[in-house]
Amino acid sequence: MTTDISFLGATPIDRLKTLMDRLREGCPWDAEQTFETIAPYTIEEAYEVSEAIDRKDMTSLREELGDLLFQVIFQTKISSEVAGFNFDDVCDDLTRKMVDRHPHVFEFTDKRTSKEQTVSWEETKAAERKAKGHESLLDDVPLALPELMRAAKLQKRAARVGFDWPNLDGVMDKIVEEAQEVADAAETKDQDAIEDEIGDLLFAVTNLARKLDVDPELALRRTNSKFTRRFKFIEDAAKAGPKDIKEMGLEEMESLWQAAKRV
């Protein structure tokens, strides 16, 4: 049975806005939320959209996109109460920004290649950053991004002005150098130095991913998924056998790991 929601408004977006108004007024939990308390849910929903896309699960994607949109509606409802702008203002600002960033679509008729449009896009964004008072290319790279993603963005920004390895050889050499520095730091038992050098190594590997046009977050997600699948294979084998997994030796688990790779 499908719930009748027509009483909330004439169009889908009107119904969603009215729903948010009613929740904010009538639900104690919704009423006490702030920008800060809702932000973690917004981030979580964005990841769930990405996960549904990875699984190619269109049913889940439809639902998760709705959950993400709800976060936008929620944040803009709060902003209408305390910051003087609402959902419609956000939509108008976004539309103007996209029009400004796509002059080849809305102002003149010549056809740009994807590469030419990327250059134009970055030039427009640079002008926008300057207008906002950002002095450094790196000023508006969000601190809240996952650190691998943030590292890649920082590197990409620096590369625009030529601060970049000219080829993969330099990047690979840097990874080898940083790996050795991790080993050297490990010998000192200096935990602060170890953390610092591991960070440098991760940064160098992220740079390699960027140079090879690989998203490091997605690459690591694939590896995490692969690890999870193979380790569960070991766990299932242990459950079916005479030994508990805690009683297995490393060689036994490694043998099962290799078997999992063949499945």
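Of the residues in the range 18-61, how many are under 27 Å from LEU145 (Cβ atoms), of a type in the set (S, T, N, Q) and in a helix (DSSP H, G or I)?
4
State whether one or more residues within the range 183-190 are farther than 20 Å from TRP165 by Cα, without any contact (Cβ under 8 Å) to a residue 40 or more places away in the chain and either in contact with a strand residue (DSSP E or B) (Cβ under 7 Å, 6 or more places away or on another chain) or buried (at least 18 other Cβ atoms within 10 Å of the Cβ) (or both).
Yes, there is a match, as at least one residue in the range 183-190 is farther than 20 Å from TRP165 by Cα, without any contact (Cβ under 8 Å) to a residue 40 or more places away in the chain and either in contact with a strand residue (DSSP E or B) (Cβ under 7 Å, 6 or more places away or on another chain) or buried (at least 18 other Cβ atoms within 10 Å of the Cβ) (or both).
For the range 33-69, which positions are surrounded by 12 or more Cβ atoms within 10 Å (Cβ to Cβ) and of a type in the set (A, V, I, L, M)?
ILE38, ALA39, ILE43, ALA46, VAL49, ALA52, ILE53, LEU61, LEU65, LEU68, LEU69
When you go through (1) under 22 Å from MET149 (Cβ atoms); (2) aliphatic (A, V, I, L, M); (3) modelled with pLDDT of 95 or more one by one for ILE73, which number turns out not to apply?
ILE73 satisfies every listed condition except (1).
Count, please, the residues in the range 6-17 that happen to be assigned to a helix (DSSP H, G or I) and surrounded by fewer than 14 Cβ atoms within 10 Å (Cβ to Cβ).
Here the count works out to 4.
Tell me which residues, restricted to the range 84-111, are modelled with pLDDT of 95 or more and not in a helix (DSSP H, G or I).
PHE85, ASN86
Being part of a helix (DSSP H, G or I) and hydrophobic (A, V, I, L, M, F, W, C) narrows it down to one residue among LEU218, LEU138, LEU145; which is it?
LEU218
Please count how many residues of the range 161-179 are assigned to a loop (DSSP other than H, G, I, E, B) and within 19 Å of PRO216 (Cα to Cα).
Residues that pass the stated criteria total 3.
Kindly list, by first and then second residue, each pair from a residue in the range 19-41 that is in contact (Cβ under 8 Å) with a residue 12 or more places away in the chain to a residue that is among the aromatic types (Phe, Trp, Tyr) and surrounded by 13 or more Cβ atoms within 10 Å (Cβ to Cβ), limited to pairs with Cβ atoms under 6 Å and residues at least 6 apart or on different chains.
ILE38/PHE74
Which members of the range 221-263 meet the condition of being closer than 30 Å to TYR47 by Cβ and of a type in the set (Ser, Thr, Tyr)?
THR223, SER225, THR228
In contact with a Phe, Trp or Tyr (Cβ under 8 Å, 6 or more places away or on another chain), surrounded by 15 or more Cβ atoms within 10 Å (Cβ to Cβ) and at pLDDT 90 or above - does that describe any residue in the range 199-218?
yes
Is it the case that LYS239 is closer than 29 Å to LEU256 by Cβ, surrounded by fewer than 18 Cβ atoms within 10 Å (Cβ to Cβ) and either modelled with pLDDT of 95 or more or not hydroxyl-bearing (Ser, Thr, Tyr) (or both)?
Yes.
Looking only at the range 125-163, which residues are farther than 21 Å from ARG101 by Cβ and at pLDDT below 75?
GLU135
Would you check which residues across the range 216-228 are among the charged types (D, E, K, R) and touching a helix residue (DSSP H, G or I) at 6+ places or on another chain (Cβ under 7 Å) and list them?
Across the range 216-228, the qualifying residue is only GLU217.
The values are calculated or read from the model by the stated rules, or taken from the named source; none is laboratory data. Everything quoted here is computed from the prediction, not taken from an experiment. Glycine gets a Cβ as well: all are built from the backbone with ideal geometry, and neighbour counts include every protein chain shown.
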